[in-house]
Structures are given as C-alpha cells and as structure tokens.
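J.: Just passing along the structure, written as structure tokens.
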Amino acid sequence: MEKSVSDIDQNTILKELKKRLAFEKSYSKVLSSMCTPPLEISRKISAEYAEINLGDPGLFPETKQMELEALNSIAEILQAPMGWTGSITSGGSESNLLGCWTARNWSKKTKGIKNGTLLLPESAHASFEKSIDILNLKSKWIPLTSENKLNLELLKEELNETTVGIVGIAGATGTGACDDIKALSEIAQDSNTYLHVDAAHGGMIFPYLKDIGREAPVFDFQLEGVCSITIDTHKIMGGLIPGGSIIYRSSEFSKTIAKGITYLSDSTTKQITITGTRPGNSVIALWVLLKYYGKEFMIDRVKKSFVLTDYTAEKLRGISSISLTFDPTINIIGFTNTKLSNENLVAKLKEFGWDLSIYSNWTRMVIMPHFSIEMIDKFIKDLENVLKE
Ligand code: 0PR
C-alpha cells in the first residue's frame, strides 16, 4: 500500500539524498566548469521563494519590478543607452537563441530577408548550432585568426544582402578570446546588419579588468552597431544555476519577437523569452547580488580568478612535457602534452578526482572563484605524477 503524505519521513529522504549526492555538491576538484557554487544567501533565497513564477508577472509584481531593477544594473554595466530592453533567461543558450531569433525577425521585417544566413565565428558556442537548426537559418562559420578571433576579412567576403545577422564572441568557450567587436560594430553599422554579441562568459569579466589593472576589450553598447548582448549570471558572477540575461539596445529589436499572452493575470503581459514559466527565486537572488554585493564583489571574483589563472599557467609552463596552446587572456587555459593523448590524460586525472575537459585538440581548464592555491598545487602534483608514469 502507498504511504500517506503524513507518513513520509523527510529526514530519511534528506539523509538518502545526502548520501547519494555527496560527491556532486562539491566543486573542490572541478577544473572544467564555467559554473561555480552560488553564495549561501542565494541558496537561502532559492528555498524561500521557490514558488514565484515570472511567467505570470501579474501574480508577482514585486518580483517583476526586481527583475527590471536587476536588468537595469546589467544594462548599466553594459553601457546600454536609454530605451534598452531585456530579460532574465535560463542561461546563455536561451539568450543566444533569442538573439538569433531577433536578428532573423528584424531582418525580415526591416529588409524583407527570408531564408537568410547567419555569419558567426568558428569559436561560437554550440548554442548557435542549436539556434540555427531551430530557426531554420543558413549559416557561414567564419575561420579564426592566429589569435583565435573571428577573421574580419573573411567575414566581409561573406557579408551580403541575405545576411540576417553577425555574431561576435566576447570570451570564447574554448580560449576566452574576445573578437574585435569594435570592428564588427563598424561593419554592422555600415551594412545595416544585426550584430549579436555572446558575452555569456566574458560579459561579467571584461567590465572589471581596468579595475584590476588589466587591458579590457570594448564589447558593449558603447559600440553603436551592437544590437543585443548575452550575459550569464550563473558563470563568474555566481548567481543561481541556471541564470542568464539578454539586453537589447532598443525595443525596435525585441518587439519583433514579443508575444502577448492575454489570459495571464496581467493581460498586457508580453513575453520576450523562450520559456514561459520562469523562476522568480533566481531573479531575486540576482537582485541581491547586484544590489548588495555589486561592483566590489565582482572585482574581487575576477581578480581572484585572474591571479589563480596566472599562477596555474606559470606552474604548467614549468612542466617540460606541457605546452600552453595560447597565452591565457582571461580565466581559460588550454594545454597539450607530449606524454599522453588528451583523452588519456583527462581519464587518468579523473582517477585522482579531477575534472578537466577537452576542447578541440587541447585540454581545457576554466579557473573559477572556487579555485585556491592549495587546490592548484595539489592538482599540479597529481598532473606531474600522471605524466611521469
Ligand atoms: N556562450 C558561451 C560563450 C558559453 O561558453 C556558453 C556555455 C554558452 C553561451 C551557453 O550557456 P549556458 O550553458 O548557460 O546555456 N559555457 C559553458 C561551457 O560550455 C557551459 C558549461 C557550464 C559547461 C558548466 C560545463 C559546465 O560544467 O563551458
């Protein structure tokens, strides 16, 4: 016979979960992830406000207002002009899909382009492959320069009256490279083409580089050709997982995908997201991060990641069988070794509990704020042992 609800012993369930998930809760040996554990306060907020659904904002007007305030802070970081619009999303993939969807619809509406082509660098994240498939777009993947940036000359050769949009990457998944968004912006403006910038990872890093005395590429709305920007909140910022955002220069763009949902409690609701139901707790936690933790908190996180990246790169350079694939420009490291295949190396390190990933033909590390000097020292020791065997 099934148990009645009152018979269910929560403590037993929680104990079982604790046992089963013990190893999944910790990032203490995760060297491959752009995610990092959220703050304690975010976890509390997550539990406290689990029932809020921003898909029906009329029921939760205060949370809707907090979403606007959080977006306003992100728009300020991105130097968006008056009249910007945007939304909190489920992460970079949704934001990129929204950017591509908007590029397609805006190009159709303003220029009559049908069955058009999206131009994007070979470094673009897999979410663009999904977007191209879902939106039935054609695509041209533009090769990269020796600095892993989109090759502008090759892009210009492909640009024509069937182009629905250009994608630039500010912080590429595999290398951290930032495309020349200034040049892309000029090309986009000159040709009246939609430009979407994927700053899912770099968007919360580049704005703080000057503060830590490093060179910072310009990738944001200061560049007038930039139409929309993806920026994730669950990456270096440490918001609840998952969480992201997209900001548009103006409603001229976002209104081409807006859908009115008249049966909701606020019948004027217009959605500019893929998802309908959206978690309010994630937005509230983000609002707290932006309002109470803010700039100094982000500078600390970025600084810590960069100091640790330099430290890790230095240690790796000290191992004779290892070569760095590129000089790290942000907190992403790629390396190859002369002893083992990337697959074998990653598998052997996994035996010691370490998680690394393989990108293209190099072993990849993402140095997030959950790293520490002790963690890196331990890792380097295990790596040296594995390579010695
Ligand atoms: N754009 C860029 C530049 C990205 O690197 C990513 C994902 C996305 C968009 C898509 O973002 P969402 O995953 O939020 O939809 N970057 C991470 C990566 O591929 C995703 C990830 C995160 C993978 C944590 C593994 C992991 O443990 O590395």
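Values quoted throughout were computed directly from the atomic coordinates according to the rules given, and no laboratory measurement underlies them. The structure displayed is predicted, hence computed values, not measured ones. As a convention, Cβ positions derive from the backbone with ideal geometry for all residues, glycine included, and neighbour counts pool all protein chains shown.
J.: Summing -39500 (n - 2.57) over the DSSP H runs of n ≥ 4 in the chain and dividing by its residue number, what mean residue ellipticity at 222 nm do you reach, to the nearest 500 deg cm²/dmol?
T.: Calculated at 222 nm, the ellipticity per residue is -12000 deg cm²/dmol.
J.: Further, regarding this structure: Alpha carbon centre of segment 360-389 versus segment 112-180: separation in Å?
T.: The distance from the Cα centre of segment 360-389 to that of segment 112-180 comes to 32 Å.
J.: Ratio of segment 146-219's C-alpha Rg to 2.2 N^0.38 Å, to two decimals?
T.: 1.15
J.: Using a cut-off of 15 Å between alpha-carbon atoms, which aspartates and glutamates can reach residue 138, once sequence neighbours fewer than 8 places away in the same chain are excluded?
T.: By straight Cα distance, residue 138 reaches 122, 129, 158, 161.
J.: Determine the gain in length on full extension of the stretch residue 50-residue 18; use 0.36 nm per residue of separation and subtract their C-alpha separation, reporting nm with one decimal.
T.: Taking residue 50 through residue 18 to full extension adds about 9.5 nm, to one decimal.
J.: Further question on the same structure: What translational diffusion coefficient, to the nearest whole µm²/s, does segment 1-124 have by Stokes-Einstein, given a Kirkwood radius computed over alpha-carbon pairs, a temperature of 4 °C and 1.567 mPa s viscosity?
T.: Here the translational diffusion coefficient equals 66 µm²/s.
J.: To continue, here is another question. What pairs from 140/270; 348/381; 130/291; 149/378; 210/381 go past 22 Å between their alpha carbons?
T.: Where the Cα-Cα span goes over 22 Å, the pairs concerned are 140/270; 130/291; 149/378; 210/381.
J.: Between residue 108 and residue 264, with labels modelled 7 Å along Cα→Cβ, what's the label distance in nm to one decimal, could you check?
T.: Here the answer is 2.2 nm between the modelled labels.
J.: Got a sec to turn the phi values of segment 73-79 into Karplus ³J(HN,Hα) couplings, 6.51 cos²θ - 1.76 cosθ + 1.60 with θ = phi - 60°, whole Hz, x for Gly and Pro?
T.: 5, 5, 4, 5, 4, 8, 6
J.: Can I get the semi-axes of the chain's equivalent ellipsoid? Compute them from the C-alpha gyration tensor as square roots of 5 times the eigenvalues, in angstrom, largest first.
T.: Square roots of five times the eigenvalues give 34, 31, 19 Å.
J.: Which loop trypsin sites (Lys or Arg not before Pro) in segment 1-32, with loop taken from DSSP, have no more than 10 other Cβ atoms within 10 angstrom of their Cβ?
T.: 3, 25
J.: List the residues, sorted by chain then number, that are 5 or more residues from residue 139 or on another chain and whose placed amide H is less than 5 Å from its amide H.
T.: 118
J.: Follow-up. Quick one: 3J(HN,Hα) in Hz for segment 296-310, Karplus 6.51/-1.76/1.60 with θ = phi - 60°, rounded, Gly and Pro as x.
T.: Along segment 296-310, the couplings run 4, 4, 5, 4, 4, 5, 5, 4, 4, 4, 6, 4, 5, 5, 4 Hz.
J.: Determine the principal axes of the Cα atoms in segment 172-256, then give the extent along each, sorted from largest to smallest and rounded to whole angstroms.
T.: Dimensions of segment 172-256 along the principal axes of its Cα atoms: 35, 29, 24 Å.
J.: I've got another one for you. Mind checking which aspartates and glutamates have their C-alpha under 18 Å from residue 19, skipping anything on the same chain fewer than 8 residues away?
T.: 9
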